[in-house]
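Worksheet for the structure shown next.
The values are calculated or read from the model by the stated rules, or taken from the named source; none is laboratory data. A quick note: this is a predicted structure, and the numbers were derived from the prediction, not measured. Virtual Cβ from ideal backbone geometry, glycine too; neighbours counted across all protein chains shown. The protein model used for the area step is the full one, side chains on, heavy atoms only, and it has no ligands, DNA or RNA in it. Shrake-Rupley method; radii C 1.70, N 1.55, O 1.52, S 1.80 Å.
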Amino acid sequence: MNRRQLMQTALGGLAAAIPVKVAGEEGSGVLKTVKPKPATANDARSFPKGFVWGTATSAYQIEGAVKEDGRGVSIWDRFAHTPGKIFDGSNADVAVDHYHRYKEDVQLMKAMGTKAYRFSIAWPRIFPEGRGKVNPKGLDFYNRLVDELLANGIEPFPSLYHWDLPHTLQERYGGWESRETALAFADYAGYVTEKLSDRVQRFFTLNEIRTFVDRGHESGILAPGFKLPPARLNQVRHHAILAHGLAVQAIRAKARRGTKVGPAENIFAVVPIIETPEHIKATEIAMRELNAGYLTAMLEGRYTDAYLKAAGADAPKFTSEDLKAIASPIDFVGINIYTPDYYISASNKPPGYQSLPFNKSHPRMVSSWHRLGPETLYWAPRLLQKLWNVKEIYITENGCATSDEVAKDGQVYDSDRIMFLRSYLTQLQRATSEGAPVRGYFLWSLLDNFEWVAGYAQRFGAIYVDYTTLKRTPKLSASFYREVIARNSVM
Ligand code: FCB
């Protein structure tokens with residue numbers, strides 16, 4: 001075998017094997033395969049039996065084919081085509097062409113040994129105008145994808161909304177500023193889950209409400225690109241969590257009995273600066289209050305007093321029925337965890353905690369927002385369990401962008417992504433070994449893709465994509481991940 005064949009064996013998923021440098025040939029790029037250690041139940045680093053390992057993507061970021069098979073226009077099509085909005089001037093008209101290459105992509109998932117795949121359904125493919133006339137060809141794509149996944153032993157975990165709001169709803173009602181959008185979302189959710197729940201067991205409602213509300217309507221960095229005053233912003237937030245709750249109700253009414261549903265939220269991730277009882281207590285308070293407009297409301301059916309007080313006259317307008325709907329019982333909580341939002345210490349003054357400034361030298365990954373904080377993957381599940389007794393948790397996204405390049409030998413040596421994943425997974429394993437009910441983990445992302453405002457300038461994939469040829473090349477981290485999955489253990 002020559003070097004190239006050796007690497008292909010190592011990275012190609014033929015056997016569960018990880019490439020390692022041959023001793024004495026440092027820097028030569030020579031890799032050989034070694035047999036993995038079989039997983040054992042009492043391995044101190046292992047995850048619970050049946051732990052779900054997957055990858056994640058979203059429709060607009062990977063599909064392309066924006067004008068095909070009757071798809072309607074989304075607010076992201078409009079936004080990305082507005083000059084000056086996207087860092088590299090790009091858009092996702094083609095993205096990584098997953099719409100046409102999904103079969104190849106499923107094979108790549110399979111080669112990594114993943115048993116689950118979180119993707120999103122593009123609302124404008126199903127209802128091109130957001131509501132009303134349905135587009136059967138749009139649903140056909142997801143039928144084909146689901147069937148392909150199942151035929152390859154991969155469980156589909158679709159999200160119903162990953163930011164690609166049908167543009168018509170924005171134009172006609174003002175998007176999330178209107179209750180009509182929440183109602184339309186529930187109808188769409190009921191329709192899709194009725195059609196897919198014969199094969200799909202778990203659905204996520206909306207991805208990262210906090211992100212698309214705050215960055216889409218406060219700072220205006222994301223679509224639809226608004227800078228709303230506080231009262232209108234709070235109302236957008238209320239409509240988004242209402243959409244989640246109404247969708248849960250619609251799914252209960254329309255989907256097959258036993259279908260499970262939950263959100264996939266970008267919680268404010270908080271970490272006690274030192275693990276003493278006082279700082280931990282303060283962190284619990286911070287977790288509940290900082291997430292008051294989102295997960296706290298969904299899990300408690302109320303806005304906290306502090307949240308309403310801080311909003312004052314700008315507080316959202318809502319009814320008690322709204323709150324009841326928002327807190328419709330869910331089956332699990334999905335959380336996207338990348339970075340610590342705050343390190344917390346105890347405080348005797350209200351609100352009972354103090355958030356500490358980040359040191360300037362705090363290590364970061366390639367994205368400017370991405371501070372390293374592996375312990376978030378321990379604390380987030382632990383706090384969900386402690387505060388709300390959540391019984392089923394999924395890490396719906398975790399990963400990082402790195403400055404990946406194809407080396408002379410054709411491989412992508414993303415050693416820093418492996419470092420990142422190993423550190424975060426070590427903390428997740430700490431959580432599960434202490435009994436936190438985390439059932440699965442989805443690596444963001446399967447493929448390099450359109451990273452919203454960063455365009456194609458930030459690569460989050462375990463699989464490298466050449467944006468000219470659209471050729472896919474598994475990175476070294478794909479081998480690392482495959483090994484983790486094969487052993488059900490961090491190493
Ligand atoms: C999350 C988004 C996802 C991706 C990652 C890097 O906030 O849900 O689409 O952009 O960040």
Self-check item: All positions within the stretch 200-215 that are away from the ligand (no atom under 13 Å from the Cβ) and either open to solvent by 10 Å² or more (accessible area, probe 1.4 Å) or more than 16 Å from the chain's Cα centre (by Cα) (or both)
Solution: VAL200, GLN201, ARG202
Quiz item: All but one of (1) modelled with pLDDT under 95; (2) crowded, with 21+ Cβ neighbours inside 10 Å hold for MET491; which doesn't?
Solution: (2)
Practice problem: Could you please give the count of residues in the stretch 266-278 that are touching a strand residue (DSSP E or B) at 6+ places or on another chain (Cβ under 6 Å) and within 16 Å of the ligand (Cβ to nearest atom)? | Solution: 2
Quiz item: Mind checking whether some residue in the stretch 231-241 is in contact (Cβ under 8 Å) with a residue 60 or more places away in the chain, under 23 Å from ASN291 (Cα atoms) and surrounded by fewer than 19 Cβ atoms within 10 Å (Cβ to Cβ)?
Solution: yes
Quiz item: Could you say whether any residue in the stretch 441-463 is of a type outside the set (S, T, N, Q) and away from the ligand (no atom under 16 Å from the Cβ)?
Solution: no
Practice problem: Can you confirm whether the stretch 289-305 contains a residue that is among the aromatic types (Phe, Trp, Tyr) and farther than 26 Å from ALA231 by Cα? | Solution: no
Quiz item: Filter the stretch 389-422 for residues that are open to solvent by 40 Å² or more (accessible area, probe 1.4 Å) and either under 30 Å from ILE285 (Cα atoms) or hydrophobic (A, V, I, L, M, F, W, C) (or both); which is farthest from the ligand (Cβ to nearest atom)?
Solution: ASN389
Practice problem: Please give the strands (runs of 3 or more DSSP E) falling wholly within the stretch 187-287 in which 3 or more residues are within 28 Å of PHE79 (Cβ to Cβ). | Solution: 202-207, 260-265
Exercise. Look through the stretch 138-184, keep the residues that are of a type in the set (S, T, N, Q), open to solvent by less than 30 Å² (accessible area, probe 1.4 Å) and in a helix (DSSP H, G or I), and return whichever of them is nearest to LYS103 (Cα to Cα).
Key: THR168
Quiz item: Looking at the stretch 423-432, which of its residues are free of Cβ contacts under 8 Å to residues at least 60 places away in the same chain and either more than 20 Å from TYR394 (Cβ to Cβ) or open to solvent by 10 Å² or more (accessible area, probe 1.4 Å) (or both)?
Solution: SER423, GLN427, ARG430
Quiz item: Quick check: anything in the stretch 85-97 out of contact with any Pro (no Cβ under 7 Å at 6 or more places or on another chain), within 22 Å of ALA151 (Cβ to Cβ) and surrounded by fewer than 18 Cβ atoms within 10 Å (Cβ to Cβ)?
Solution: yes
Quiz item: Of the residues in the stretch 98-132, how many are more than 20 Å from the chain's Cα centre (by Cα) and more than 23 Å from ALA189 (Cα to Cα)?
Solution: 6
Self-check item: Candidate set: the stretch 426-458, residues that are in a strand (DSSP E or B) and not small (Gly, Ala, Ser); chosen: the one farthest from TYR117 (Cα to Cα)
Solution: VAL438
Practice problem: Please work out which residue is surrounded by the most Cβ atoms within 10 Å (Cβ to Cβ), limiting yourself to the stretch 434-476 and to residues that are more than 19 Å from the chain's Cα centre (by Cα) and within 30 Å of LEU387 (Cβ to Cβ). | Solution: ALA436
